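I have placed the structure first, in the form of structure tokens, so that the comments after it can refer back to it.
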Amino acid sequence: MTYRQDDDWTFVRILLLTLKKVIDAMKSWINWVNKNREGKYTPTFIGLSAAFVSALLLIVMLFVPPYLGMSDDGSFARVANPVGIYHQDDTSENLYFNYYVKEYLSLAPNGTLVVSFSSQKLLIHVAKLMDTIFTHDNLFDLRFLALLYGFLFLPAIALLVKQAAKRAKTFFECVVIGLFGVLIFADVSYITYFSSFFSEPLMYISLLLCVGAALALQEEKHNVRYLLIYTISGIILTTAENQCAVIGIFLGIFCVKFLFINKAVLWRIGCIVAVFLLFSSAMLSLYYIPTTYTQASKYHAMTRGVLLQAEDPEKALVEFGIDESYSILTDTNSNDYYPFVNPENEALEKDFYNRYNTAEISYYYLRHPKAMIAMLDISVKSAFNIRGGFSGNYEKSAGMPKMAKSLFWSLWSNFKAYSAPKTVGFIILLLISSILLFRRKTLTIMQNHMQRSSIPLETMLVIFCIAISQAIITIVNSGDAEMSQHLFLFSGAIDLLVYFCFAEVLHRLNII
């Protein structure tokens, strides 16, 4: 049998013809669905549907065996002990990093709540009260806290998806936007944090509520409701951790914009009160919530930050008035199994730590923007992999290996970790895309309410500022040594930008 090259071209033509028929059939089906569902759905319905699917996923992850959660990285005691919650087991292998633990001893608080106030601890108190009412024992089940987070998360994702679907003109476009929202925001990398004593889930949910409420303020009706959601969730976010204080300032400045979307006197008074409360919560967070950064963090701010990116470490040290001999500490990490030096060493206090602080490090990065950009590049890589190897998702009784991660509903987090571009250039491109996409939206919607119509663009800019601020605060306070602990909100903010840019591009392409 003689081989002919024409046979290959015949096969290619048949393949292309088949592919065209499949695409045409899909288009016909999509058009039929859109026509059949026209006028039978609303953005609210899409948002509620996304919340319903998210609720099913949340139940499967957190409340159906094998239960998923986050293991203790050593920081749980800082939050749980003042509320009267303690580990039952004293075996470090079972407590830290390797396995998720859902039950803890529940005792009377030790009275330090006022001293170390945070919105997260108030929520833990509510969860502890619920546990006591339903179980009547001296154990605290962490799933009660996860349940509270779930109740807050579902309206947040419903509101967010509803706002993203507002501009969609077809049912199928709305469905894709809803599914993409569930894919991103209900990813296992976010949901497993709900069953932990980390503050990240409360910050994450509050951010979703703030963004959803801000976008909803374009609506003529229910402005007061959304202003309340924006203000309350903003206060909760700002007072969750000390590092969130700057977020309260961003949200307060943005809230000034809301003064101009309604001329009613009571509305403007409400906006002024909201601005005052957000700024006050920022001050409360800054001065009354203990920082999570330690002496080791200060050590890393220099060794894993300034010196790490300095072209000449000796010269960088001279700028701080530190002896050049300390350049030997460059690239050292106190978390190593055999650390080069103990950061608590008293010898470092006089001639090293006393020579710099966060303000001076910030000023150094202003003078050396190249070093800051290099550190931001590292922070992007870390933020895109929030499922780092430091924490397991399974209980020990599940029989999984130490630090095992669940693969269920992890498509988005795996994509970010292994396939997405993880550079500061991508973040800049995302910012430019947001400006170009939503600048046009600003000019085309609600022409007779231009002050109101700029809200989408300004919301995207606020999200970007929140993301970058969290990265810079982490860099200035601890270099790259603690990015896995402090960049959760950075990841969530970037996901918000990606989501709304995707929804806008999908609408512009008009292919479904």
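Rule-based calculations on the coordinates, nothing more; no lab input. Computed from a predicted structure; not experimentally measured. Please note: Cβ atoms are built from the backbone with ideal geometry, for glycine as well, and neighbour counts cover all protein chains shown.
Things worth noting here:
- Karplus-derived HN-Hα couplings along the stretch 406-419 (A = 6.51, B = -1.76, C = 1.60, θ = phi - 60°), whole Hz, x at Gly and Pro: 6, 9, 5, 6, 10, 4, 5, 5, 5, 4, 4, 6, 10, 10
- For residue 140, the residues whose amide H sits under 5 Å from its own are 104, 105, 106, ignoring neighbours fewer than 5 places away on the same chain, with H placed 1.01 Å from N.
- Per-selection metrics, the stretch 133-245 (Cα): Rg and Dmax in Å: 16.0, 54
- Here's the list of lysines a cross-link from residue 350 could span, going by alpha-carbon distance under 16 Å and ignoring same-chain residues fewer than 8 apart: 298.
- Within straight-line cross-link reach of residue 20, lysines at Cα separation under 30 Å, skipping those fewer than 8 residues along the same chain: 35, 169
- Gyration tensor verdict on the stretch 345-404 (Cα atoms; rounded if a/c is under 1.5, prolate if a/b is larger than b/c, oblate otherwise): oblate
- Neighbour-count order for 219, 349, fewest beta carbons within 10 angstrom listed first: 349, 219
- Ascending count of other beta-carbon atoms within 10 Å, so fewest first, for 21, 257: 21, 257
- Spread of Cα-to-Cα distances over 20 Å intervals beginning at zero, given as percent, for the chain: 20, 51, 24, 4, 0
- Fewest-first ranking of 409, 267, using other Cβ atoms within 10 Å as the exposure measure: 267, 409
- Averaging the sequence gap over all C-alpha pairs within less than 8 Å and six or more residues apart, then dividing by the number of residues, gives the chain a relative contact order of 18 percent.
- P(r) weight above 17 Å for the stretch 207-291, C-alpha pairs, percent: 41
- Listed by chain and number, the aspartates and glutamates whose C-alpha is less than 13 Å from the C-alpha of residue 166, apart from same-chain residues fewer than 8 away, are 219, 504.
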